[in-house]
Amino acid sequence: MIKIAIYGINGLVGRLMEEQLKHLKQPYELLRVGSQDKPVESDIAILCTDDEISFKLAQVLKDKTKFIVDMSAKFRNEPDIPLVIPEINPHAITKETQLISSPNCTTTGLVMALNPLKKKYTLEEVFFSSYQAISGGGKKLLEDFKNPESLYRANCVPLIGSIKENLWTSEELKGLNETRKILELPKIKVRCHCVRVPVEVSHSLCVSLRAKEAFDLKELPSLFATQKGLVYDEKIHTPKEVAGQEEVFVSRLRLDPEDKNYIHFWITFDNLLKGAALNGRQIVAYLMEKFL
Ligand SMILES: NC(=O)c1ccc[n+]([C@@H]2O[C@H](COP(=O)([O-])OP(=O)(O)OC[C@H]3O[C@@H](n4cnc5c(N)ncnc54)[C@H](OP(=O)(O)O)[C@@H]3O)[C@@H](O)[C@H]2O)c1
């Protein structure tokens, strides 16, 4: 029987990962690993832990497991490590792969919407402002949010992660670097602002996209429809309503009134599902089907 170990089993993503794995078609034995437990032998180790812990665990697990699926940001920018959304770039996983990174939640929603447009248009530049849920910061932030004095109550906080040398935040740099890597568009310009808002679950993005060619607004719905896991319609989707759903939702699509090379739209999706545990489960399903 295939053994799957979840590290960080008591965290927000770890707990949901356990639920998500129940959808796997193949049988498996689940090993639950919390912060007080020792690393275990398994076929697949899923690290639902922060960067530092994932780094340490990955070293220890090298000889104890066939595959490591890491939910943290630690390895995402390593050129030899695939950064995978199974509906977009499963081909990045090869026979030599041991460790697979699952992307940043905000980036996942963005690239799910850009990927189908990439088939028809030369995407040159994307601007977005994010409206990111509290649960994106893990269980400690969700706990803090319950406190009436929390900075995050009835507020918007334009700082997620840490501020880097160029004054971008680590979260904003993930939007830039991970979009380029997943879409295999190393030159696409990504300009973004990442903001934490008082929503418990589901991230949203206001996006402006520029292509080399003029957009044909009428054909875009059918292009979006080619992307598995994406829903586009004219109904306005809000984060509250999409929490608990698997798809990434696009709405409020419109052409720029002054420049046909621009479109604007709204994305919202469950950050803990497609932004984390569902994507992790889909990577695991792919590994089980192809390699185990
Ligand atoms: N939340 C999201 O929307 C989201 C989306 C995409 C990616 N991610 C990434 O996924 C990872 C987990 O996020 P999260 O939101 O679930 O964080 P979280 O709620 O803080 O959970 C992290 C868990 O890791 C556990 N842990 C610490 N050291 C460990 C060890 N040595 N072995 C096993 N478990 C250990 C912690 O245990 P204790 O309970 O004992 O402290 C905690 O339960 C992070 O890297 C995050 O950046 C999160």
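The values are calculated or read from the model by the stated rules, or taken from the named source; none is laboratory data. Please read these numbers as outputs of a predicted model, since none were measured by experiment. Ideal geometry is used to build each Cβ from the backbone, glycine not excepted, and the neighbour counts take in all protein chains shown.
The residues on offer are K3, K66, and the sole one that is in contact (Cβ under 8 Å) with a residue 24 or more places away in the chain and out of contact with any helix residue (DSSP H, G or I) (no Cβ under 9 Å at 6 or more places or on another chain) is K3. Out of L287, L230, L253, one residue alone is touching a residue at least 40 places away in the same chain (Cβ under 8 Å) and assigned by TED's automatic domain parsing to the domain that holds E171. It is L230.
In the condition set (1) among the aliphatic types (A, V, I, L, M); (2) in contact with a helix residue (DSSP H, G or I) (Cβ under 8 Å, 6 or more places away or on another chain); (3) free of Cβ contacts under 8 Å to residues at least 40 places away in the same chain, L173 is compliant with all but (2). Residue count for the range 131-178, restricted to those that are within 11 Å of the ligand (Cβ to nearest atom) and either small (G, A, S) or not assigned by TED's automatic domain parsing to the domain that holds C192 (or both): 7. When the range 50-74 is limited to residues that are within 15 Å of the chain's Cα centre (by Cα) and closer than 17 Å to R281 by Cβ, the one that is farthest from the ligand (Cβ to nearest atom) turns out to be V69.
Of all residues in the range 102-156, those satisfying the criterion of being farther than 17 Å from Y262 by Cβ, of a type in the set (K, R) and in contact (Cβ under 8 Å) with a residue 40 or more places away in the chain are K119, K139, R153. Does V111 satisfy the criteria of being within 14 Å of the chain's Cα centre (by Cα) and in the same structural domain as A243 (by TED's automatic domain parsing)? It is true that V111 is within 14 Å of the chain's Cα centre (by Cα) and in the same structural domain as A243 (by TED's automatic domain parsing). Restricting attention to the range 186-233, the residues that are in contact with a His (Cβ under 6 Å, 6 or more places away or on another chain) and not polar (S, T, N, Q) add up to 0.
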